[in-house]
Amino acid sequence: MEMFDAAKISLDFPILSTMVYGKPLIYFDNAATTQIPQIVMDTVTNHYKTQNANVHRGIHYLSKKSTMCMEHARVLMQKFVHAESPEQIVFTSGTTESVHMIAQSYVRYLLEEDDQIIVSEFEHHSNLVVWQQLCMEKRAKLIVIPEKNGTLDMDCFISSISKKTKFVSMTMVSNVTGVQLPVKLIVQYAHEAGAAICIDGAQSVRHGVDVCRLGCDFFCFSGHKMMGPAGTGVLYIARKLLDTMRPVRFGGGMVETVYSDRTTFAPMPYRLEAGTPNYPGIIGLGAAAEYLMNLGMEEISEYEKALTVELEHMLNSVEGVTVLGKGQEKYSVVSVVMKGIHPYDAASFLDKYGIAVRSGSHCAQLIVRKYGVDSVLRFSPAFYNNFHEINTIQEKLQEIIGFFQK
Ligand code: PMP
């Protein structure tokens, strides 16, 4: 196999040549947002330049062209996650909106008093608070399955799931520890109990996902975490549930016939896409998916795996640094705590050297608290990063430690 040429590929990303305080940018905050290749920017700009018109509205040349481009993006996203057909792809503004849509369009209608929803301690707030609030409203119970030995406590999950469980929603990869939960098994148990299941794919989608093989009912992700534009996202829905989805927002594009006293709604996926969508962004998202597929999802994964292993190895070797979920396989995220140094101070220090990392609770306070802290320092590489950057980070971490020991 040809070597993955990260140096060459990094040239596709103009922002990576930015100088930060006179130092070359080292961008290790990809779990928060990935950078965008030139081709995605060009696709969006060209759309505005040559094809801009509202979609699904007009019969004029530009409107038809614009609609075709957006629907082509839907097909690309279908291909990207291996869905069976384009109508299973609903465009949203991101993972957060996708999760909300499931709650308001589907779960709200099946949840009754004393029913249960199951999530995990690893959840990002956007896949936790929405279920917590819905349970409060419906007098249902939210069960949060704890972390155990770096992964999900499967015994607890198996003993908690029952006929009362109407819905399960879990992240595939933790945005704090980078660890992947045993989602395939979780899907099987959910279905055996008769519950539908959503997988939060925000952190996993750019590593390659096959929703059919996974067998989940819903899969949510954001464009800005897979080299696409911000403000775009996808909600994948299993075929068997498409007809059960009820409209959430009302407006243009999602109706069939409107009378003063009643309305009939458009088929899926349009029923859930009220109003003018962010079609330039969506078209850019399609271009991002195409870009990744052209690079090769397996090649990307292999290279990122090697980078992440090296990153964890380096972090483990620095005195006073503790890796969260040590020894567990990680997907482009490694978080640490440093003895006597607050993550905020470490991140500020690294920033002065042009190194972009993130400190804080990462919108996942439950899991951060489980590790006995309120903040962690997160390093998150992507395929345009390289091993030399990991060496530079190591040097700078040593400097920080020296500085704080003075
Ligand atoms: N879930 C996970 C696991 C995430 O990492 C994120 C983003 N940090 C989200 C959900 C929310 O994504 P967005 O803000 O793009 O809606």
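All of the numbers you see were taken from the coordinates with simple rules; none came from a lab. These figures come from a predicted structure and were not determined experimentally. Cβ coordinates were reconstructed from backbone atoms using ideal geometry, including for glycine residues, and neighbour counts include every protein chain displayed.
Of all residues in the stretch 235-267, those satisfying the criterion of being in contact (Cβ under 8 Å) with a residue 40 or more places away in the chain and over 23 Å from the mean Cα position of the chain (by Cα) are THR244, ARG246, PRO247, GLY252, GLY253, PRO267. Across the stretch 175-186, a minimum of one residue is classified as on the phi < 0 side of the Ramachandran plot and assigned to a strand (DSSP E or B). Here GLY233 meets the list (1) closer than 17 Å to GLU84 by Cα; (2) touching a strand residue (DSSP E or B) at 6+ places or on another chain (Cβ under 6 Å); (3) within 15 Å of the ligand (Cβ to nearest atom); (4) not charged (D, E, K, R) almost entirely, failing just condition (1). Where helices (runs of 4 or more DSSP H) fall wholly inside the stretch 87-161, the ranges with 2 or more residues that are away from the ligand (no atom under 13 Å from the Cβ) are 129-138, 154-160. Considering only the stretch 315-327, I want to know if a residue exists there that is within 16 Å of the ligand (Cβ to nearest atom), touching a residue at least 12 places away in the same chain (Cβ under 8 Å) and closer than 19 Å to ASN175 by Cα. Yes, that holds for at least one residue.
Pairing residues of the stretch 146-160 that are among the polar types (S, T, N, Q) with residues that are crowded, with 18+ Cβ neighbours inside 10 Å, at Cβ distances under 7 Å and at least 6 apart in sequence or on separate chains, gives THR151/VAL179; THR151/LEU181; SER160/ILE118; SER160/ILE143; SER160/ILE145.
Only one of the numbered conditions (1) touching a strand residue (DSSP E or B) at 6+ places or on another chain (Cβ under 9 Å); (2) in a helix (DSSP H, G or I); (3) of a type in the set (A, V, I, L, M) is not met by VAL44, and that is (1).
Only one of the listed residues (GLN203, GLN180) is within 11 Å of the ligand (Cβ to nearest atom), polar (S, T, N, Q) and in contact with a strand residue (DSSP E or B) (Cβ under 7 Å, 6 or more places away or on another chain). That residue is GLN203.
Within the option set ASP5, ASP12, ASP29, being among the charged types (D, E, K, R), without any contact (Cβ under 8 Å) to a residue 12 or more places away in the chain and either more than 19 Å from SER204 (Cα to Cα) or within 16 Å of the ligand (Cβ to nearest atom) (or both) holds for one residue only, ASP5.
Scanning the stretch 229-264 for residues that are crowded, with 16+ Cβ neighbours inside 10 Å, in a strand (DSSP E or B) and not β-branched (Val, Ile, Thr) turns up GLY233, LEU235, TYR236. Buried (at least 20 other Cβ atoms within 10 Å of the Cβ) and either among the small types (Gly, Ala, Ser) or closer than 22 Å to SER98 by Cα (or both) - does that describe any residue in the stretch 147-164? No, the stretch 147-164 contains no residue that is buried (at least 20 other Cβ atoms within 10 Å of the Cβ) and either among the small types (Gly, Ala, Ser) or closer than 22 Å to SER98 by Cα (or both).
Listed by first and then second residue, the pairs linking a residue in the stretch 60-78 that is part of a helix (DSSP H, G or I) to a residue that is crowded, with 16+ Cβ neighbours inside 10 Å and aromatic (Phe, Trp, Tyr), with Cβ atoms under 7 Å apart and 6 or more places separating them unless they lie on different chains, are SER66/TYR279; MET70/TYR279. Filtering the stretch 13-25 for residues that are outside any loop (DSSP other than H, G, I, E, B) and surrounded by 20 or more Cβ atoms within 10 Å (Cβ to Cβ) leaves an empty set. Of all residues being surrounded by fewer than 24 Cβ atoms within 10 Å (Cβ to Cβ) and among the charged types (D, E, K, R) in the stretch 204-216, which is farthest from THR95 (Cα to Cα)? Just the residue, please. Out of the qualifying residues, it is ARG213.
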